[in-house]
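**Student:** Right, I'll just put the structure down here and ask away after.
Nothing in this text is a laboratory measurement; each read-out follows from the coordinates by a stated rule. On a predicted model such as this, the values are computed, not experimentally measured, just so you know. Methodologically, a virtual Cβ is constructed for each residue, glycine included, from the backbone with ideal geometry; neighbour enumeration extends over all protein chains shown.
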Amino acid sequence: MRTLFLTITVVAITFNAFAQNANNPSTSFDEVLPFRGFSISAPASENVDEFVRFIDTELGPARFNMLVLLVDWNYAYETHPELAGNLTKADVKKIVTVCRKHGIEISPQINLLGHQSWAKSLGKFLTVYPQFDETPRLNLEDTFKGFEWYDPDFFYCKSYCPLHPDVHQVIFEVIDELTEAFETKWFHAGMDEVTILGDAHCPRCSGRDPAELFAGEVTKVHNHLAQQGKRMMIWGDRLLDCKATGFHPSESSMNNTHRAIDMIPKDVFICDWHYGNAYQSPVYFAMKGFDVAICPWNNANVAAMQLDDMLHSRARATKVLKPHLQGVLLTIWSGWNDFRDEYYKSDKNDTGAGSLKLLIQRYKSL
């Protein structure tokens, strides 16, 4: 019965939003939903051609207009070959060409600050530059306990030290090379799920306010991009207060970084991810003066509600808030190969394929 009620509610909200658009034939899709994004890890070089076909046959015709591509260390960096992967400049140009054909902007992504390890594996950045580790004392084999977020001794992912005097020279050089290769004014800096910041044993960060450290890193990267006329995206979870919202600690802050929301530049674009529920936090970000997109993943029902909420919020918002409520960014976290197999060969939604099919159907109907 509850599922039926939610379905009826979603349909009603959708009908109202669509009806408003139908009553005004001059309203363009960009006015109804300005931002229509798709986020996924960059494919390996050998899979670029099929990825390009996917953009050409699926994303383009469905009028997606943003591709957030998690490149990290999967690009053949010339400035720092010690960090390089196998995605070549020629591969990137193929992606740029097909996106330009369909009016899709690209925001390449490198996970900055947090996510410098995963489970018991250290990421490439800290493997190559161990001196940048915020917590060199923590051995992953001994300290990683799984994903028990409410464990008081919880350890998730390593971070680099934002105050290390040499870290930004490396970061800025790879950012510049990557944005130049993708011929874009956008860059996604990640910065999600930063659970270690201001470690008591760090000789530079010890005793410092995590909010100021987080805001300082966002601002430093933002200013570097802004000097070149480029715009920064980040995930929004560290700017949400876990205690005040009741959100899961993975999608909100338990170490006071949420206060950084009043310390960072207002033109940072917020990607507000929630995968299990259609929370109303985009309105909070909009009221703080940020452009924001809601970010579903692998629950198609939640994706439908989040799309409808965004349409409804834009339809009801003031002239001040409406421009900040930008749209939807679908996130895929399985990698290209698994996502591709499910999208073309299965009706499952483990990877987010079902959510994409739903959004494509809805976008084509708008």
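**Student:** Would you confirm whether or not segment 214-226 contains a residue that is surrounded by 21 or more Cβ atoms within 10 Å (Cβ to Cβ), touching a residue at least 60 places away in the same chain (Cβ under 8 Å) and within 17 Å of GLU193 (Cα to Cα)?
**Tutor:** The answer is yes; a qualifying residue exists.
**Student:** Determine which single condition SER334 fails, assuming it passes every other condition in (1) over 24 Å from VAL52 (Cβ atoms); (2) surrounded by fewer than 19 Cβ atoms within 10 Å (Cβ to Cβ); (3) not aromatic (Phe, Trp, Tyr).
**Tutor:** (1)
**Student:** While we're looking at this one, here's another question. Mind listing whichever residues of segment 250-259 are touching a helix residue (DSSP H, G or I) at 6+ places or on another chain (Cβ under 6 Å), outside any loop (DSSP other than H, G, I, E, B) and surrounded by fewer than 18 Cβ atoms within 10 Å (Cβ to Cβ)? Spell out the reasoning first.
**Tutor:** We begin by selecting, within segment 250-259, every residue touching a helix residue (DSSP H, G or I) at 6+ places or on another chain (Cβ under 6 Å); these are 251-259.
Then keep just the ones that are outside any loop (DSSP other than H, G, I, E, B); that gives 251, 253, 257-259.
The answer is ARG259, and nothing else.
**Student:** From (1) out of contact with any Leu (no Cβ under 6 Å at 6 or more places or on another chain); (2) closer than 24 Å to PRO130 by Cβ; (3) in contact (Cβ under 8 Å) with a residue 24 or more places away in the chain, pick out the condition that doesn't hold for TYR77.
**Tutor:** Going through the list (1) out of contact with any Leu (no Cβ under 6 Å at 6 or more places or on another chain); (2) closer than 24 Å to PRO130 by Cβ; (3) in contact (Cβ under 8 Å) with a residue 24 or more places away in the chain, TYR77 breaks only (1).
**Student:** Contact list please: Cβ distance under 9 Å, first residue in segment 311-338 and farther than 20 Å from PRO296 by Cα, second residue in a loop (DSSP other than H, G, I, E, B) and of a type outside the set (Phe, Trp, Tyr), pairs at least six apart or on different chains.
**Tutor:** If the second residue must be in a loop (DSSP other than H, G, I, E, B) and of a type outside the set (Phe, Trp, Tyr), the pairs left are PRO323/PRO34; PRO323/ASP291; PRO323/ALA317.
**Student:** List the pairs whose first member sits in segment 83-95 and is without any contact (Cβ under 8 Å) to a residue 40 or more places away in the chain, whose second member is of a type in the set (S, T, N, Q), and whose Cβ atoms are under 8 Å apart, counting only residues at least 6 apart or on separate chains?
**Tutor:** Hits for this filter: GLY85/ASN74.
**Student:** Looking only at segment 260-287, count every residue that is charged (D, E, K, R), touching a strand residue (DSSP E or B) at 6+ places or on another chain (Cβ under 8 Å) and surrounded by fewer than 22 Cβ atoms within 10 Å (Cβ to Cβ) and tell me the total.
**Tutor:** Summing the residues that are charged (D, E, K, R), touching a strand residue (DSSP E or B) at 6+ places or on another chain (Cβ under 8 Å) and surrounded by fewer than 22 Cβ atoms within 10 Å (Cβ to Cβ) in segment 260-287 gives 1.
**Student:** Could you count how many residues in segment 31-44 are more than 16 Å from LEU356 (Cα to Cα) and either touching a Lys or Arg at 6+ places or on another chain (Cβ under 7 Å) or surrounded by fewer than 16 Cβ atoms within 10 Å (Cβ to Cβ) (or both)?
**Tutor:** 1
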